Amino acid sequence: MVLEKITAHEFIDMIRLGSHRLEKNAQFVNSLNVFPVPDGDTGTNMNLTFQSGYKAVNEADTKHVGELGQVLAKGLLMGARGNSGVITSQIFRGFSKSIEQKDSLTPKDLVQAFASGVQTAYQTVMKPVEGTILTVARGASEAAQAVIDQATSIEQVMQAIVQGAKVALATTPDLLPVLKEVGVVDSGGQGLVFIYEGFLQAVGGSVTDDQAYQPDAQEMDEMLNAAHHQSVQTQFSNDDIANGFCTEIMVNLGEQPTSDERFDYETFQHTLSEIGDSLLVVADEDVVKVHVHTQRPQQVFTYGRKFGSLAKIKIDNMRIQHETIIENDEPKVVAEPIDYAVIAVVSGIGLEKLYQSLGVTTVISGGQTMNPSTNDIVEAIKNSNAKRAIILPNNGNIVMSAKQACKVVKIPTVIVPSKSIAQGMTALLSFDENTDLETNQQMMTEALATVKSGQITHAVRDSEVGTLKIKKDDLIGIVDGEIVINGDDVVQVSLAMCQVMQDEDSEVVTILVGAQGNQETARQISQAIVNDNSELEVEIHQGDQPVYPYLIAVE
């Protein structure tokens, strides 16, 4: 049967299969990433971005293709992560703008929509670079335009799109020397090919399972077929990373009382371009999303707050991420079933390593600004290969999701209701793998009361809390959820907060340095604490957590 137009049914199916094919191959896309720095999460970011778009479309209550396109664009924007994820969202923003008045799509409509997507994506990037996902999107669109006069079906257009994308993908090593140096194609472009292949499947076409289209690259084929595929990131040094923090924010425009500046896209983009590189700024009338690589994440947050509330924050330390990729780049063997899975919700590569050193078997990325879903926790339990499990949510907002997960998994699972990183660490010290599940839960839960948790961060608005008069951007100290001190000197604020947390039984202070903090300041805080109370022992660990430059625990 020849498909002559795309209705709502076919449109939703295209997004569904595009999402599924990308998800299936996300780890392969991760393994290819080297540009603009070897941060190795392109496949994950594109996958999460497109899943957000599919979820929005799947839940939409409309049969109008143009309206579904708008829903898709919004869903992708809200879920956009990483450089390639943001660009993907913009490809389909332009695509959806082209079809907004259409209740169904003809082959010609489809060709025009892809062309509009390419135009929007190129306009979004301050300094477009060929040999990337942009090249692949443009090659696909040009191939479709070349067949529009003779195409009589949707499948013919999508065949041209996929073939054009693959041909363009094969040229990326010639356009970007870093790709040719290590013998791979562009990771974001490969991700886009997977999406387009899913679209082709949805309209009746067939695709192969070949992952990378490089028709004359015998070495690449051998590498893909080998039992062990070494990530290309291992061929790079941390010296290749000039701006080490991959920073993302989403601003709800005009949503807080202190958003006193009118948002202007060009001014906003120019200001952030002076803070870092790999900058992408996308916006609609409600939100603006930023992706930038910088050494100064806090400046990105502070500037964003001038225009509204920060709905999402994400920081990845790409140097540590790169080291982790190299450490993990060893042949994997099938793990034997384990007796216990200890699962913790943590944000920050340093904290992940610290928790693993304390006995955690599975880390779920999340926390204050990115709460994992019930499904995320369920999947972690299922993948643990364990006979029983303990969950440390480490945040009060995650406890409910963890409880729901316990109800649906097949293995015995309990929660230790930790509400902070410090509580989770203390609870782990009471874990005994030779003890039954209920006893472990009891001992670990009792340990939560032995630690007090403090957080240092910046105030986002003027406010009054009790006798404290807090100004926007003040440093504030929060103890177990309550603001107890404010000021402009991080050492003095941290010391004062620590004094509030101490009692006569206090022995150990732990300082966790966040992505916005630094080791030198942490040492100054440590010295101030010891000078104030010489009986205390202070430990400093690199946590890399977002939002809080310093987390301080007293026990």
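Dipole check for segment 1-141: with +1 at the C-beta of Lys and Arg, -1 at the C-beta of Asp and Glu, and the Cα centre as origin, the magnitude is about 180 Debye. In this Cβ point-charge picture (+1 for Lys and Arg, -1 for Asp and Glu), segment 239-321 has a dipole of about 300 debye about its Cα centre. Fewest-first ordering of Cys406, Cys498 by other beta carbons within 10 Å of each residue's beta carbon gives Cys406, Cys498. Here r is the Cβ-Cβ distance between Glu539 and Gln442 and R0 is 41 Å; the resulting FRET efficiency, rounded to 0.05, is 0.95. If the chain linking Phe263 and Asp277 were pulled fully straight, counting 0.36 nm for each residue of separation and taking away their Cα-Cα distance, it would gain 3.0 nm. For the pair Ala449 and Thr302 in one chain, pulling the backbone fully straight at 0.36 nm per residue adds 49.5 nm over the alpha carbon distance. Starting from 0.36 nm per residue, how many nanometres of slack lie between Val399 and Leu468 once their C-alpha separation is accounted for? Full extension of this stretch gives 21.8 nm more.
Between Gln150 and Glu520, the modelled label-to-label distance comes to 6.7 nm, taking each label 7 Å out from Cα in the direction of the beta carbon.
The calculated FRET efficiency for Asn252 paired with Lys24, based on their beta-carbon distance and R0 = 45 Å, is about 0.85. Please work out which option in (1) 218; (2) 151; (3) 163 gives volume of the Cα convex hull per residue in Å³ calculated from these coordinates, and answer with its label. Checking each listed value against the structure points to (3).
Mean residue ellipticity at 222 nm, helices only, the chain: -15000 deg cm²/dmol; runs of at least 4 DSSP H residues each add -39,500 (n - 2.57), and the sum is divided by the number of residues.
Once R0 is set to 30 Å, what does the formula 1/(1 + (r/R0)^6) return for the Cβ-Cβ distance between Glu100 and Arg16, expressed as a FRET efficiency to the nearest 0.05? It comes to 0.90. Considering only beta bridges that DSSP places wholly inside segment 452-554, some 80 percent are antiparallel. Here the chain is treated with +1 on each Lys and Arg Cβ and -1 on each Asp and Glu Cβ, and its dipole about the Cα centre works out to around 1460 debye.
Taking the charge dipole of the chain about its Cα centre, with +1 at Lys and Arg Cβ atoms and -1 at Asp and Glu Cβ atoms, the residue from Gln423, Asn434, Phe28 reaching farthest to the positive side is Phe28.
Spin-label pair Val129-Asp480: with each label point 7 Å from Cα along the Cα-Cβ axis, the two points sit 4.9 nm from one another.
Where a number appears in this text, it was derived from the coordinates with a stated rule and is not lab data. All values derive from a computational prediction rather than experimental measurement. All Cβ positions, glycine included, derive from the backbone under ideal geometry; neighbour counts span all protein chains shown.
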